Amino acid sequence: QVQLVESGGGLVPAGGSLRLSCTASGRSFSSYGMGWFRQAPGKEREFVAAITRSGAYTRYRDSVKDRFTISRDNSKNTVYLQMNSLKPEDTAVYYCAADLSGSYYLSHVEYGDWGQGTQVTVSS
């Protein structure tokens, strides 16, 4: 099991940027594939981005491609989500999640460990 803590959320105007961080403690971080998900009020949790254990492969939901970048630093036990050109529809609570298989799944059911979430609000 790994414990995850997100940070970096906040209020930003449309077109602005934020960088979310998710720091892990517990079992070896470099063994885990990592994902970012988000959930807006009244909506289901949705996939945002994922990265394999080595960082060699990434994937994104279509609506964030070319705006968001997922990366990781295994020496710091941290995964990042750089979010540029933010839109009001990006407003949500953002969660990071860990998958022990080391892959980069789209489905939240593949992830066994979750952080508490960080709020991102984009004003129009």
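The table that follows gives values for the structure above.
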{"quantity": "Pairs, first more than 20 Å from GLY117 (Cβ to Cβ) in the stretch 65-85, second surrounded by 14 or more Cβ atoms within 10 Å (Cβ to Cβ) and among the charged types (D, E, K, R), C-beta under 7 Å, six or more apart", "calculated": "ASN84/ARG67; SER85/ARG67"}
{"quantity": "Flag if LEU106 is touching a helix residue (DSSP H, G or I) at 6+ places or on another chain (Cβ under 7 Å) and at pLDDT below 95", "calculated": "no"}
{"quantity": "Single condition THR121 does not satisfy, out of (1) surrounded by fewer than 20 Cβ atoms within 10 Å (Cβ to Cβ); (2) assigned to a loop (DSSP other than H, G, I, E, B); (3) in contact with a Leu (Cβ under 8 Å, 6 or more places away or on another chain)", "calculated": "(2)"}
{"quantity": "The listed residue being crowded, with 22+ Cβ neighbours inside 10 Å and in contact with a His (Cβ under 9 Å, 6 or more places away or on another chain), out of ALA49, ALA97", "calculated": "ALA97"}
{"quantity": "Members of the stretch 70-81 that are in contact with a strand residue (DSSP E or B) (Cβ under 7 Å, 6 or more places away or on another chain) and surrounded by 16 or more Cβ atoms within 10 Å (Cβ to Cβ)", "calculated": "ILE70, ARG72, ASN77, THR78, VAL79, TYR80, LEU81"}
{"quantity": "Filtered residues of the stretch 85-94 (kept if open to solvent by 10 Å² or more (accessible area, probe 1.4 Å) and part of a loop (DSSP other than H, G, I, E, B))", "calculated": "SER85, LYS87, THR91"}
{"quantity": "Residue ranges of strands (runs of 3 or more DSSP E) in the stretch 1-84 with at least 1 members at pLDDT 95 or above and charged (D, E, K, R)", "calculated": "2-7, 18-26, 33-39, 46-51, 58-60, 68-73"}
{"quantity": "Meets criteria (open to solvent by 30 Å² or more (accessible area, probe 1.4 Å) and among the hydrophobic types (A, V, I, L, M, F, W, C)) for LEU106", "calculated": "yes"}
{"quantity": "Subset of the stretch 2-15 (residues that are of a type outside the set (S, T, N, Q) and either open to solvent by 30 Å² or more (accessible area, probe 1.4 Å) or closer than 30 Å to TYR32 by Cα (or both))", "calculated": "VAL2, LEU4, VAL5, GLU6, GLY8, GLY9, GLY10, LEU11, PRO13, ALA14, GLY15"}
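The values are calculated or read from the model by the stated rules, or taken from the named source; none is laboratory data. Remember, it's a predicted structure, so these values are computed and weren't measured experimentally. All Cβ positions, glycine included, derive from the backbone under ideal geometry; neighbour counts span all protein chains shown. All accessible areas refer to the heavy atoms of the entire protein, side chains included, with ligands and DNA or RNA removed. Shrake-Rupley method; radii C 1.70, N 1.55, O 1.52, S 1.80 Å.
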